[in-house]
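Trainee: One structure follows; several queries about it will come next.
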Amino acid sequence: MAKRALGINPSTLIGWLSVALVLVLTLGTLLAVFGRAEGASSIGPSDWVAVRFTLLQAGLSAAISVILAVPLARALARRRFMGRGLLIALMGAPFILPVIVAVLGLLAVFGRNGIASTVLVWAGFDPISIYGLGGVLLAHVFFNLPLATRLILQGWLAIPAERFRLAAELGFSCRAVARHLERPMLRAVLPGAFMVVFLICMTSFAVVLVLGGGPRATTVELAIYQAFRFDFDLSKAAQLAGIQFTLGALATVVALRVSAPMSAGSGLDRVVMRWDSSAIWLRVQDSIIMLAAALFLLAPLAAILVAGTGQVFRLPPQVWLSAERSLLVAMAAMTLTVLFSLTMALNVVRLRHRRRLSMTIEAIGYLTLAASPLVIGTGLFILLFPIANPVALALPVTAIVNAVMSLPFALRILKPAIMEVEQTYGSLADSLGLRGTARLRLLILPRIRGPLGFAAGLAAALSMGDLGVIALFAGPDQATLPMQLYRLMSAYRMAEAAGAALLLLILSFALFWMFDKGGRMNADT
Amino acid sequence: MLTLDGLVIQQGDFRLTADFTVPTGDRVAVLGPSGGGKSTLLGAIAGFIRPTRGRILWNGEVLNDKPPGQRPVSILFQENNLFPHMTAEHNIGLGLKPDLKLSESERAQVNAALIRVGLDGLGKRKPAALSGGQQSRVALARMLLRGKPLVLLDEPFAALGPALKNEMLDLVNDLAKETGATVLMVTHNPEDAHRFAPQTILVAEGAALPPQDTDALFANPPKALSQYLGNPNADE
């Protein structure tokens, strides 16, 4: 093939700089961490308990999420009903739902004074104890059941419709369809879905920060935070960060081995025509499963809505200030994510005929999927400490770390979009001599507006709701809204916390909606 | 004058050779079974496919290392000849300046081209708001403005009905006469060749043969052509 002559232009350069930045933030911070992890090992027995708990909770969370997701995905795949699209959209919502908000919602439903406990006490049982392993699992399943469902649903929809038609023609029963069509698909899809959830739960921080803790429910991530924040033992934090990285790397290698799927986020609106599952009891069963899932996902949000509505306009000024800070951080992170992912994706597509180079760039873009924000944060602190006051840089550092944490998702959205534009219109553009900046401005940007808006919305919402690096760095006057919310919860100011949670919820979804909508407005096909 | 000098294109098992010239101003049909290499030949001339051996020349100048946009070539593909997010005007304007920063006089040129192809007043419309025939006219207006001396048509009108297709071919004919352009048109329909092209390049069995008089060719078809004409389903 003739070389696509895009030429050297600013976007190419920024693309390479983005690659360098990601490498510094992931591998560079890691080196800094290893450099600092000198001296006698201060890793004690309690830290090995943390390692064990990390693996245990991640394994259980993944197993429960995936097992529950199978019947739910099956129901969604084979039923056609009003509100199906809405339910699938709801399955996507936890992705941009701030973790700390969901945790507060789960506390409102399943906590000691929550609705579920109240009912149990009324019926003569003990109230639920949400803190510890149970609570961590509950929150992780809340977040990852929808994700696992979407991944498995993709598997269902990937079975060609002709096979189901053939099965109907041959008079397959529901059981036979399961044996010949569905189980082989599940065998291929489930290990990947399990590993994706496992990885997410391994680096989960905010959930464990609130619901875990104590000697028996501390993860490595939480231990890093405690070593850093409470003991200011940088050497120990660094050693723990090394352990966390090793675990993450191992899990990633396993995940790649089983070829973990990534949610493409679209194309789930198709319904598989089925002839084997019209039995009334199957319909009832599917309805109950879907209702239960919807209730489980909606109840915590409804609880926040109910408890927070009256509170939002009575929130103290420091909450509004933190909201302002969060909005600034989110906008900065969104801008950086778009800049990084767009320029990297352009380079990946431009160099697609040099397969190895192109795939390496793309792989670097996905590095942060396996990275832990707390490890990055610890490394950055070590790197910045000699030259600047890291605390003064808390907000910029948060924005940059948020930006690279969203990069894999944005890259995953933009690369195929740009690839499609090049494959469809690249020849025409080449023949007209459309290159460099003009090609970007006149061809690529107008044609990827939708995906670009979607990616920007995700990045903004993820940053808005993030409670990770900021917890390491923030001084008293630098709290973002999620950080402020955590402080309110820690101080048991639950009414204000509910108000702040509702505010955070609204802002996160509003940011996402604004950019996503903006990208799709007046879009021509 | 287009010269294909010892041209060999090898893609896996597929191989195509060509060694001939096409005089300036000729209108030539490129005829042959599908999969025979008609599009490959045009792709190589336009710069999308790198020849394995040999040279492509225009008036003695070697084109091999020039990117598509810098060759003296306008090509219309089977589809995707217009950017759907741009108005007809902008699509045409790209033929003058790829960055679309048009001066007043260039905008007047765009307008004149619109009028010439019979789309007066439709310049603000996007392709989706135009009929198939009108979309073809937009692409032809852009071709007209680019003023490249060599025009390659890779079945751009295949999706149009016969009457509309003939209308477009007549328009290409007129435009080519006005600008003195050399035209190579891929077709697998002998009627199109008769109607449009005094000369025909037969592409079959791994070789693109030199242009021959179209009427004479059909009056006394060689084996490859008679096989193709006699059995239209033979794709081998």
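The values are calculated or read from the model by the stated rules, or taken from the named source; none is laboratory data. The structure displayed is predicted, hence computed values, not measured ones. Quick reminder, even Gly has a Cβ in these numbers, built from the backbone with ideal geometry, and neighbours come from all protein chains shown. Protein only, heavy atoms only, side chains kept; ligands, DNA and RNA dropped before computing areas. Shrake-Rupley method; radii C 1.70, N 1.55, O 1.52, S 1.80 Å.
Trainee: Has the range A:419-435 got at least one residue that is more than 19 Å from the chain's Cα centre (by Cα) and more than 14 Å from every other protein chain (Cβ to nearest Cβ)?
Mentor: yes
Trainee: Could I ask something else about it? As an exercise: evaluate A:Gly124 against (1) modelled with pLDDT of 85 or more; (2) of a type outside the set (Ser, Thr, Tyr); (3) outside any helix (DSSP H, G or I) and give the number of the one condition it does not meet.
Mentor: (1)
Okay, residues lined up against (1) in a helix (DSSP H, G or I); (2) without any contact (Cβ under 8 Å) to a residue 40 or more places away in the chain; (3) within 28 Å of A:Ile506 (Cβ to Cβ):
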{"position": "A:Ala93", "(1), (2), (3)": "yes, no, yes"}
{"position": "A:Arg112", "(1), (2), (3)": "no, yes, yes"}
{"position": "A:Ala116", "(1), (2), (3)": "yes, yes, yes"}
{"position": "A:Val119", "(1), (2), (3)": "yes, yes, no"}
{"position": "A:Gly134", "(1), (2), (3)": "yes, yes, no"}
{"position": "A:Arg150", "(1), (2), (3)": "yes, no, yes"}
{"position": "A:Leu166", "(1), (2), (3)": "yes, yes, no"}
{"position": "A:Val189", "(1), (2), (3)": "yes, no, no"}
{"position": "A:Phe194", "(1), (2), (3)": "yes, no, no"}
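Trainee: For the range B:177-188, does any single residue satisfy the condition of being among the small types (Gly, Ala, Ser), touching a residue at least 24 places away in the same chain (Cβ under 8 Å) and surrounded by 15 or more Cβ atoms within 10 Å (Cβ to Cβ)? Before the answer, list the steps.
Mentor: From the range B:177-188, those among the small types (Gly, Ala, Ser) are B:180-181; that's our starting set.
Pick out the ones that are also touching a residue at least 24 places away in the same chain (Cβ under 8 Å) and you get B:180-181.
Add one more test, that the residue is surrounded by 15 or more Cβ atoms within 10 Å (Cβ to Cβ), and what stays is B:181.
Yes, the range B:177-188 contains a residue that is among the small types (Gly, Ala, Ser), touching a residue at least 24 places away in the same chain (Cβ under 8 Å) and surrounded by 15 or more Cβ atoms within 10 Å (Cβ to Cβ).
Trainee: Additional query: For the range A:442-480, how many residues meet the condition of being more than 14 Å from chain B (Cβ to nearest Cβ) and not in a helix (DSSP H, G or I)?
Mentor: Here the count works out to 11.
Condition check ((1) surrounded by 17 or more Cβ atoms within 10 Å (Cβ to Cβ); (2) within 14 Å of another protein chain (Cβ to nearest Cβ)) across all residues:
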{"site": "B:Gly6", "(1), (2)": "no, no"}
{"site": "B:Gln11", "(1), (2)": "no, yes"}
{"site": "B:Ile56", "(1), (2)": "yes, yes"}
{"site": "B:Phe83", "(1), (2)": "yes, yes"}
{"site": "B:Leu94", "(1), (2)": "yes, yes"}
{"site": "B:Pro98", "(1), (2)": "yes, yes"}
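Trainee: I would also like to ask the following. Take B:Thr52 and tell me if it is polar (S, T, N, Q), in contact with a strand residue (DSSP E or B) (Cβ under 9 Å, 6 or more places away or on another chain), away from chain A (no Cβ under 11 Å) and open to solvent by 30 Å² or more (accessible area, probe 1.4 Å).
Mentor: Criteria met by B:Thr52.
Trainee: Here's a follow-up. Considering only the range A:155-177, I want to know if a residue exists there that is open to solvent by less than 40 Å² (accessible area, probe 1.4 Å), under 23 Å from A:Met290 (Cβ atoms) and charged (D, E, K, R).
Mentor: There is no residue in the range A:155-177 that is open to solvent by less than 40 Å² (accessible area, probe 1.4 Å), under 23 Å from A:Met290 (Cβ atoms) and charged (D, E, K, R).
Here is a yes/no grid of residues against (1) acidic (Asp, Glu); (2) assigned to a helix (DSSP H, G or I); (3) surrounded by fewer than 21 Cβ atoms within 10 Å (Cβ to Cβ); (4) under 15 Å from the mean Cα position of the chain (by Cα):
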| site | (1), (2), (3), (4) |
| --- | --- |
| B:Gln109 | no, yes, yes, no |
| B:Ala112 | no, yes, yes, no |
| B:Lys124 | no, no, yes, no |
| B:Arg137 | no, yes, no, yes |
| B:Leu140 | no, yes, no, yes |
| B:Met143 | no, yes, no, yes |
| B:Leu152 | no, no, no, yes |
| B:Glu155 | yes, no, no, yes |
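Trainee: So A:Ser326 clears everything in (1) closer than 26 Å to A:Ala251 by Cα; (2) in a helix (DSSP H, G or I) except one condition, right? Which one?
Mentor: Status for A:Ser326: all satisfied but (1).
Trainee: Could I ask something else about it? For the range A:408-464, enumerate the residues that are open to solvent by 40 Å² or more (accessible area, probe 1.4 Å) and either acidic (Asp, Glu) or farther than 29 Å from B:Glu79 by Cα (or both).
Mentor: Those that are open to solvent by 40 Å² or more (accessible area, probe 1.4 Å) and either acidic (Asp, Glu) or farther than 29 Å from B:Glu79 by Cα (or both): A:Phe409, A:Glu420, A:Leu462.
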